[in-house]
1. Of the residues A:A209, A:A187, A:A229, which exhibits the maximal mean-square fluctuation in a Gaussian network model of chain A defined by a 10 Å Cα contact cut-off?
2. Taking springs between alpha-carbon atoms closer than 10 angstrom, which of A:F201, A:F152, A:F122 fluctuates most in the Gaussian network model of chain A?
3. Under the 0.36 nm per residue contour assumption, what length would be gained going from the current alpha-carbon distance of B:A244 and B:A96 to full extension?
4. Where is the GNM fluctuation largest for chain A (alpha-carbon springs, 10 angstrom cutoff): A:G196, A:G54, A:G130?
5. When the label point is put 7 Å from the Cα of A:L38 along its Cα-to-beta-carbon vector, which residues of the range B:21-44 have a backbone N closer than 19 Å?
6. Stretch B:R211-B:E172 to full length: gain in nm at 0.36 nm per residue minus the Cα-Cα span?
7. Please express the shape of the protein assembly as shown as an equivalent ellipsoid: the semi-axes are the square roots of 5 times the eigenvalues of the C-alpha gyration tensor, given largest first in whole angstrom.
8. Could you work out how far helix A:196-233 tilts from the main Cα principal axis of chain A, as a 0 to 90 degree angle to the nearest 10?
Amino acid sequence: MKPAHRWMLVVIGAALLILFESRTAYAMHIMEGFLPPLWAGFWFLLVLPFWVLGIRRINRLIAEKPETRLLLGFAAAFAFVLSALKIPSVTGSSSHPTGTGLGTILFGPLVMSVLGSIVLLFQALLIAHGGLTTLGANAFSMAVVGPSVAWFIWKGLQDRAPIWLAVFLAAAMADLSTYVITSTQLALAYPDAVGGFAASFAKFGAIFAVTQIPLAISEGILTVLIFNALQANALAELQSLGVLKGVRA
Amino acid sequence: MRVIDRYAFGNALRQIDPAQKGALALLAIILCLALDRPAVGALALIWMLALTTWWARIPLRVSGRVLLTEGLFLGLSIIGIALSIGGKTPETTVVAWQIGALWISMTPESLALVTLVLTRSLGCAAALNFLILTTPLVDLIDLMRRIRLPEGLIDIMALTYRAIFVLLDCLERMTTAQDARLGYATARAAMRSAALLASQLFLTAYRRSQRAQIALESRGFDGTLRVLPLTYQRSPRVWQASIALTASLLLAGIVR
């Protein structure tokens, strides 16, 4: 056996061991130092306009209603703590929800671009998930694209589909689009030597499907149940956030 | 997560200016990314683990475990980089398997890339972990205020940090109560319990934010949250460590 063979076996073995040993799957954050500097900078540039728009929107909300400041602080904390929740996953192991879909339905996509980025930053600084140089890439997939997709589904399906279906699709598609964008980011940074970007995208997509597709389905189901519980217990709060505007009871 | 927070408040470098610690960590990350050599990443990993262990006096067991929290992501994406899929195999391969019309192969170049990415990520992650294990988030938020991030954003982050622990306590109490009543006995029950818990948590968050607003207003809240600035020590040893780190990483990056 050539030394390179042996090395390869060790690497693959270790990777598989980690994959099957960790019973709980987190959302897919690109870790610190994983992206080359050019790509890390590129995603920061792409996400910057959304941060500017989001902060301007938050400043306007605070100027109108000063209590929004505290509400947003607690909202970001709620989204962060939600990712500490363990939910059963369809594959039998468990996973952690991202809260992207629910947060978007409650607070809207522009506010979520800032709140989601704060959550990502805190995840990097408090639980060592994700990173600082990869914050731009992670924020683009999870705080910009995910919420936008959720918002379009939620608004587009209102009055056209049952409310549970709109909630399920918004939450599940937010996770799925985040997963697709992250796979794209990885494939762009590390294209396949033979098949280029497309082959690389297929590779990363297939590998992360193991954890991310069950997560999307579980989170969709969970978000529907949360939304039902919120309608039963927190109708006044939902109305004051403007969530149920245009929703038939 | 409480582990990181606990060590952040109780390590030997707690009193040192976060700007200095942040600069040291950032320097290591930038050098790792800019020099882009396996030796640099490996050296940064050793440097940062050593600083965390002997200087900040955080057990190696703890920093090692924190480093491996991203193991799943790293393990999975490394496989993606190592293997190539295509209709044909490249000229030189280490191994190649054929599945139907597709070839799954591994080249010496892809293995070199794996080594590079693995060492670089671990080196950068160790630098970031050095920062978060030695500096509490309150200090980092204070640092962000000093580098003039938008004031509204800083306020929200400071509130978020406080609210996270309030809500986490709440979450843990509710989980225990549900668990004691067999709320997580089956997958179906677990899903229902998790949903109930999340909705109650949302209510708690909403109502607490309103109560905090009332409490602040009754004390003359005018829209800005003012806190006393923290005082830190500036240590010349941080600069010495930074210079030694830069010199050794540059050397590892240049010498073949």
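1. Per the Cα network of chain A with a 10 Å cutoff, A:A229 tops the list.
2. A:F152
3. Values: separation 148, 0.36 × 148 = 53.28 nm, distance 4.38 nm.
Full-extension gain reported as 48.9 nm.
4. Judging by the Gaussian network model, the answer is A:G196.
5. Hits in the range B:21-44 for A:L38 at 19 Å: B:30-38.
6. Values: separation 39, 0.36 × 39 = 14.04 nm, distance 2.15 nm.
Result: 11.9 nm gained on full extension.
7. Values: eigenvalues 277, 183, 80 Å².
Over the Cα atoms of the protein assembly as shown, the semi-axes work out to 37, 30, 20 Å.
8. Between helix and principal axis, roughly 30 degrees.
The values are calculated or read from the model by the stated rules, or taken from the named source; none is laboratory data. In this text the structure is predicted, and so the values were computed from the model without any measurement. Because the Cβ atoms are built from the backbone with ideal geometry, glycine has one as well, and the counts that use them run over all protein chains shown. SASA here: full protein model, heavy atoms, side chains in, ligands and nucleic acids out. Shrake-Rupley method; radii C 1.70, N 1.55, O 1.52, S 1.80 Å.
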